[in-house]
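Okay, structure first, notes after.
The values are calculated or read from the model by the stated rules, or taken from the named source; none is laboratory data. Predicted, not measured: the structure shown is a model, and the values here were computed from it. Because the Cβ atoms are built from the backbone with ideal geometry, glycine has one as well, and the counts that use them run over all protein chains shown. For the accessible areas, the whole protein counts, side chains as well, though only heavy atoms, and no ligand, DNA or RNA atoms are used. Shrake-Rupley method; radii C 1.70, N 1.55, O 1.52, S 1.80 Å.
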Amino acid sequence: MATIAARVLPVPVRLGGGRHLVERNFLLYRRSWVVFLSGFFEPVFYLLSIGVGVAQLVGSFTLSDGTTIAYAAFVAPAMLASSAMNGAIFDSTYNIFFRMKYAKLYDSILATPLRPWDVATGEVTWALLRGAIYSAMFIVVMLIMGLITSWWALLALPASVLIGFAFAGAGMALTTFMRSWQDFEFVQLAIMPMFLFSATFYPVETYPGAIRWLVEITPLYQGVVLERAFSTGNVSWSLVVNALYLAAMGTFGMYVASRRLGKLLLK
């Protein structure tokens, strides 16, 4: 029992153990690079259809501070944040559930000196690397389309990684409570409203007071605020709160995931 408890508890943290999971996933996807890159096109298609197509009807857009930008420039940062969320959720829920319940990958891994914390850090790191690649490519598209108006946009990529970290940690933690594939309907039930209503396509000021407050405490809204501020240059110290929210969410999710994996697989 003492040995099992020592492997379940993530403290003290050993650095570097998760790299074996990252290497394993890289070797797997290098032969499926088409599948890997397909995740990049979804936010681009949204940007072209809504940010460019609908923008012809909307025209320019005025931010809360009075800055006037094109509607496409308003939507693009939200698409970037949504892309980071969707990529992290997909990697940390569906993929991990299959590896845990059907492939029994983690049973084999935990038969080695690696611990549940190594599994959590490895899978989350892989999700972040994958999401960072998508985000970097999307930022290049935004730059080519002239939708970036500030040098603060250099921080858009780190912000995307932070968004991915928050949702990957939370997604992996929730996956450890999933009983069957039907439970993933609840994931979509949470993700879709956040995508539609987290000030993605229109400003949060359009909501009534109570609904606006509800939107402002959602995780995706924190990411949208960060990305939109960096891409437009409308930066303030309040962004620190948004960043801390996401960092705390991801850290707590990883901790819960490592504890749950230990209890499920080392019993």
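Overview of results
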item: Ranked order, Phe40, Phe197 - accessible area, probe 1.4 Å, largest first; result: Phe197, Phe40
item: Segments 125-137, 223-235 sorted - mean Cβ within 10 Å per residue, highest first; result: 223-235, 125-137
item: Length released on extending from Phe26 to Phe98, taking residue separation times 0.36 nm less the Cα-Cα span; result: 24.2 nm
item: For Thr251, solvent-accessible area (1.4 Å; no DNA, RNA or ligand), Å²; result: 80
item: Helix axis angle, 116-144 relative to the chain longest principal axis, alpha carbon, degrees; result: 20
item: Given charges at Cβ of Lys, Arg, Asp, Glu: segment 20-163 dipole, positive-most of Asn86, His20, Ile50; result: His20
item: Amide H contacts under 5 Å for Ala70, placed H, 5+ residues apart; result: Phe61
item: Highest to lowest packing among 143-152, 82-91, scored as the average C-beta count within 10 Å; result: 82-91, 143-152
item: Dipole in debye (nearest 20) - segment 76-266, about Cα centre, beta carbon charges: Lys, Arg +1; Asp, Glu -1; result: 460
item: Probe 1.4 Å, protein heavy atoms only - accessible area per residue of the chain in square angstrom; result: 50
item: Accessible surface ranking that places the most exposed of Lys101, Lys263 first, with a 1.4 angstrom probe; result: Lys263, Lys101
item: Mean Cβ neighbour count within 10 Å, used as a protection proxy, ranking 20-31, 69-80 highest first; result: 69-80, 20-31
item: Charge dipole (debye, nearest 20) of segment 39-162; +1 at Cβ of Lys and Arg, -1 at Cβ of Asp and Glu; result: 260
item: The chain - percent of accessible surface contributed by carbon and sulfur, probe 1.4 Å; result: 71
item: The chain - mean residue ellipticity at 222 nm from DSSP helices (-39,500 (n - 2.57) per run, n ≥ 4, rounded to 500); result: -20500 deg cm²/dmol
